[in-house]
1. Does segment 135-234 come out rounded, prolate or oblate by the C-alpha gyration tensor, with a ≥ b ≥ c the root eigenvalues, rounded set by a/c under 1.5 and, if not, prolate when a/b is larger than b/c and oblate if not?
2. Using the eigenvalues of the Cα gyration tensor, what equivalent ellipsoid semi-axes result for the chain when each is taken as the square root of five times the eigenvalue, whole Å, largest first?
3. In percent, what relative contact order does the chain have, based on Cα pairs under 8 Å that are 6 or more apart in sequence?
4. Based on alpha-carbon centroids, what's the gap between segment 117-136 and segment 49-87 in Å, whole number please?
5. Label segment 31-83 by shape, choosing from rounded, prolate and oblate, from the square roots a ≥ b ≥ c of the eigenvalues of the Cα gyration tensor; if a/c is under 1.5 it is rounded, and otherwise prolate applies when a/b is larger than b/c, oblate when it is not.
6. Going by how many other Cβ atoms sit within 10 Å of their own, how do Leu119, Leu36, Leu209 line up, fewest first?
7. Using only alpha carbon pairs under 8 Å that are at least six residues apart, calculate the relative contact order of segment 1-132 and give it in whole percent.
8. Hey, what number do you get for the chain at 222 nm if only DSSP H runs of n ≥ 4 count, each worth -39500 (n - 2.57), divided across all residues, to the nearest 500?
Amino acid sequence: MKKILIITGGNKGIGSGIVSAYKNNSYQIISIARTLNQLDEYKEVKQIVLDLSKTEGLENAFSQILNTINKDIVERIVFINNAGTLGKIGRLETNSVSDIQNIIQLNTITPFLLTSIFLKETQNWHCPKKIINISSGAAAKPYYGWSLYCASKAAIDMMTKSVAVEQEAILNGTKIIAIYPGVVDTDMQTQIRKSSPESFVDVQRFIDLKESNFLVKINTVGQEIFGIDSLENYQNGAILNVSDYR
Ligand SMILES: NC(=O)c1ccc[n+]([C@@H]2O[C@H](COP(=O)([O-])OP(=O)(O)OC[C@H]3O[C@@H](n4cnc5c(N)ncnc54)[C@H](OP(=O)(O)O)[C@@H]3O)[C@@H](O)[C@H]2O)c1
């Protein structure tokens with residue numbers, strides 16, 4: 001029997017910390033991103049190159065990924081919507097149509113689409129099934145300059161809660177949660193620190209967090225997310241903050 005993790009953006013950042021934690025716990029891993037991680041530790045990770053900011057072909061590609069798995073030998077399957085972007089930082093009116101489309105596509109539309117395909121394709125699987133959405137504290141707290149990011153993540157939180165209600169009504173429905181990972185040392189934080197104070201008024205706070213060594217390492221947060229997944233001591237549809245589990 002096999003334990004399987006499918007993750008978007010498993011090649012770098014928080015995703016690579018999550019991959020490491022699940023790999024150490026004997027999961028077979030499929031990661032979807034635009035680029036490949038060439039490190040040795042990724043030799044056993046099936047990496048699929050796909051641009052998740054484009055919907056064309058996505059439904060077929062993700063259905064095929066699920067259809068290549070022999071459901072009869074799956075002990076447990078976890079799907080993590082992790083790939084995401086901050087998009088362009090700045091007041092809403094500084095964003096072009098394509099800026100708006102790109103961030104909402106990657107952070108919101110694609111997770112909705114992939115979640116929907118996962119639910120459909122695995123509905124007759126007998127193993128335990130779980131979806132974890134990597135959300136953000138920005139879903140619940142507005143930040144000057146991040147209106148699209150905050151709203152894109154707030155939509156993910158409500159999707160998590162609503163899908164949980166639907167899945168609770170189904171025999172062997174899928175469990176679904178969202179997790180706020182906290183402030184993690186990734187390229188996304190580098191992008192934040194490069195913002196001008198005019199586009200992001202809180203930039204100095206994030207520079208200070210880095211300088212005081214306050215950013216969490218990707219492997220630490222990966223293990224914490226794995227730990228929360230394993231605990232199962234929360235309701236279906238829960239929105240969880242990693243810092244509450246330290
Ligand atoms: N870092 C933080 O402090 C923090 C805090 C709260 C929430 N988060 C959330 O955590 C998640 C991971 O963020 P991170 O900090 O690890 O960011 P990151 O280092 O920038 O990594 C982003 C990941 O998404 C993938 N990705 C980006 N655009 C993509 C596209 N068009 N198609 C396919 N994959 C794409 C990237 O791979 P490729 O570039 O190879 O495509 C990469 O694996 C995001 O959802 C983010 O919102 C992060």
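1. Details: a/c = 3.84, a/b = 1.68, b/c = 2.28.
The shape class here is oblate.
2. Values: eigenvalues 166, 76, 66 Å².
Semi-axes from the Cα gyration tensor: 29, 20, 18 Å.
3. Values: 436 pairs, mean separation 55.0, N = 246.
Value for the chain: 22 percent.
4. The two parts, judged by their Cα centres, are 10 Å apart.
5. Details: a/c = 1.96, a/b = 1.08, b/c = 1.81.
It comes out oblate by the Cα gyration axes.
6. Numbers: Leu119 19, Leu36 13, Leu209 16.
Ascending number of Cβ neighbours within 10 Å: Leu36, Leu209, Leu119.
7. Details: 184 pairs, mean separation 38.9, N = 132.
Once divided by the residue count of segment 1-132, the mean separation gives 29 percent.
8. Working: 8 runs with 93 residues, N = 246.
The helix-only estimate for the chain comes to -11500 deg cm²/dmol at 222 nm.
Bear in mind that the values in this text are calculations on the coordinates, not laboratory data. Computed from a prediction, not measured in an experiment: that's the story for all the values here. Quick reminder, even Gly has a Cβ in these numbers, built from the backbone with ideal geometry, and neighbours come from all protein chains shown.
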